[in-house]
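Shown next, in structure tokens, is the structure this report addresses.
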Amino acid sequence: MSLAGATFAGAARAGYLPSTVAALHGGTIGVNAGNPNLPHSVNYTPDYQSLLQNDPGFMALKQNLSAQGTQDSATRNAAINQALIQYGALPDFDKAAAQFGISAADLQGMIDPNTASLADANTKAGLSTTARLQQQEDQAMLGLRNNLAAHGALSSGDDAYRTNLQNQSYTQAQSDALGSLLAALGGYQQTYTTAQQGEQNQLTGGLTDALSRLESNPMYAPSSLSYNPHSGKYTSGAGGTYTPTQKNGTWYITSDQTGQQFKLNSDGSLSPA
């Protein structure tokens, strides 16, 4: 249980805890007949932030989701790099990044340093998308030239017209291939984003579950400690007991159940020792 943030009502004046009944008289903390150096009662609220971050179930969930997030990123990046290698070249990063909503720097950060050389090698081997488009263009132009030559029309107006049509077809095929590449990259990014959102929702749900567990545990319910002059201990509403001790002029309260120790500060607050 964390008592961080607890305060002693009425301990507003500077200096350490009042050492006489007269000094305590008139304050709202009450007179402690058992030990006038200690307040009669202490009100506190557990440090839920710290408790939540150290909840075993929540900690395990965070570790699992962190590992999953790393895997999601690696899967996305591998798919992007493979798509670029198959395409056979790296696109304009500014245009590509803008198309699926990330910065060019982020996109470049996903690209393996070896991808450019692998894409180029794939093109030189005639295996990439860009290489195959070029092969189709070369074959189409060769067929066109042979056909025109057979009809004695290589220098005719028909030559220029048909050549222009073939060039337009090649340009369109290149544009379609680039569009397909960018659509694939955008799909990989969207899959990653969706996975991240799902994992964030799981984290939020895990935090809610952890808080519910804490709130249902009487040990962590906001409470107050009352000093029992017969036992010389503080007692919480849930039945927990705390033993006050003094060391080198400083007072401490130690939980008999958990062993946690808290320091009584000069401003009347409690903090982990």
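Here is a yes/no grid of residues against (1) within 30 Å of A177 (Cβ to Cβ); (2) surrounded by fewer than 16 Cβ atoms within 10 Å (Cβ to Cβ):
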{"residue": "P39", "(1), (2)": "no, no"}
{"residue": "Q49", "(1), (2)": "no, yes"}
{"residue": "A60", "(1), (2)": "no, yes"}
{"residue": "A79", "(1), (2)": "yes, no"}
{"residue": "A83", "(1), (2)": "yes, no"}
{"residue": "D94", "(1), (2)": "yes, yes"}
{"residue": "D106", "(1), (2)": "yes, yes"}
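If a residue must be part of a loop (DSSP other than H, G, I, E, B) and more than 42 Å from the chain's Cα centre (by Cα), how many such residues does the range 226-245 contain? Steps first, answer last, please.
Looking only at the range 226-245, we keep the residues that are part of a loop (DSSP other than H, G, I, E, B), and these are 229-232, 236-240.
Subsequent filtering for residues that are more than 42 Å from the chain's Cα centre (by Cα) retains 229-232.
Counting residues in the range 226-245 that are part of a loop (DSSP other than H, G, I, E, B) and more than 42 Å from the chain's Cα centre (by Cα) gives 4.
Tell me the residue from A125, A119 that is surrounded by 14 or more Cβ atoms within 10 Å (Cβ to Cβ) and in contact with a helix residue (DSSP H, G or I) (Cβ under 9 Å, 6 or more places away or on another chain), please. Explain how you work it out, then say what you get.
Numbers: A125 fails: surrounded by 14 or more Cβ atoms within 10 Å (Cβ to Cβ).
Result of the check over A125, A119: A119.
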Against the condition of a type outside the set (K, R) and assigned to a strand (DSSP E or B), how does Y188 come out, does it pass? no
All positions within the range 94-140 that are in contact (Cβ under 8 Å) with a residue 60 or more places away in the chain and either part of a loop (DSSP other than H, G, I, E, B) or not assigned by TED's automatic domain parsing to the domain that holds N81 (or both): F100, G101, I102
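The values are calculated or read from the model by the stated rules, or taken from the named source; none is laboratory data. Bear in mind the structure is a predicted one, so any value in this text is a computation, not a measurement. Don't worry about glycine lacking a Cβ; one is built from the backbone with ideal geometry, like all the others, and counts go over all protein chains shown.
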